[in-house]
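Each value in this text was obtained by applying a stated rule to the coordinates, not by laboratory testing. Keep in mind it's a predicted model, so treat the numbers as computed, not measured. Note that we place each Cβ from the backbone using ideal geometry, even for glycine, and neighbour counts take in every protein chain shown.
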Amino acid sequence: MASNQTPTLNGSTILGTNHTLDIEKIKEDDFDYSKRSQWLRAAVLGANDGLVSTASLMMGVGAIKTDIKAMILTGFAGLVAGACSMAIGEFVSVYSQLDIELAQMKRNNSRNGELDRAQVAGTEDGEEEKLPNPLQAASASALAFSIGAMVPLLGASFIKEYKVRLGVVIACVTVALVVFGWLGAVLGKAPTVRSCLRVLLGGWLAMAVTFGLTKLIGSRAL
């Protein structure tokens, strides 16, 4: 005799024998995308910073110098300095956050000292797994910055014609900005069009301001 039992989830009966339970769909819907915030911020923003800052430096130098060597050296110096700065800044920031959370854990455990030792130990193990990792955040930030900075460098490296080189840098940066904006939106489940436009317009503005001000200052021989 066939069983007439209906499927259950966490002790609750799911009505309707013709409906199938999509476990993967439920897991995806219940996933807390805010858990990605730490590495997503370090990676996506690091790549975007590397792209925009290096491209802006190269465009600034390109505003007053047509020499390809000057532009490439400027971009490379920006890559190294920016990656180191991002890594150190991220490490210090996340380490400060780690100290705060550890101090809070100690205060919570001291207040719950009457609990069973095994229970307290289990709680500590679970909380420590969720703590931020300064080295991981610093490495991700430096690597992402370097990846972003390589885009304008590679775009300008093999083009000697001055105007063509500037156009290629702008085109490469534009494509990369759209990709980074889209990637950040997809990973964070945010609106893609708005994210892409925000990142793209911000990058264009940074390059335009740097190019314009450097051109102005260079033309006055200050």
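With +1 assigned to the C-beta of every Lys and Arg and -1 to the C-beta of every Asp and Glu, and no other charges, what is the dipole magnitude of the range 36-219 about the Cα centre in debye, to the nearest 20?
On the way: 16 positive and 13 negative charges, 200 e Å.
For this selection, approximately 960 debye.
Using 0.36 nm per residue, how much length does the chain from residue 69 to residue 103 gain when fully extended, once their Cα-Cα distance is taken away? Walk me through the intermediate numbers first.
Details: separation 34, 0.36 × 34 = 12.24 nm, distance 5.10 nm.
Length gained, residue 69 through residue 103: 7.1 nm.
Students often check this: by mean Cβ neighbours within 10 Å, which of 174-185, 68-79, 45-56 ranks highest, and how do the rest follow?
Values: 174-185: 19.8, 68-79: 17.8, 45-56: 24.9.
The densest-packed peptide leads the list: 45-56, 174-185, 68-79.
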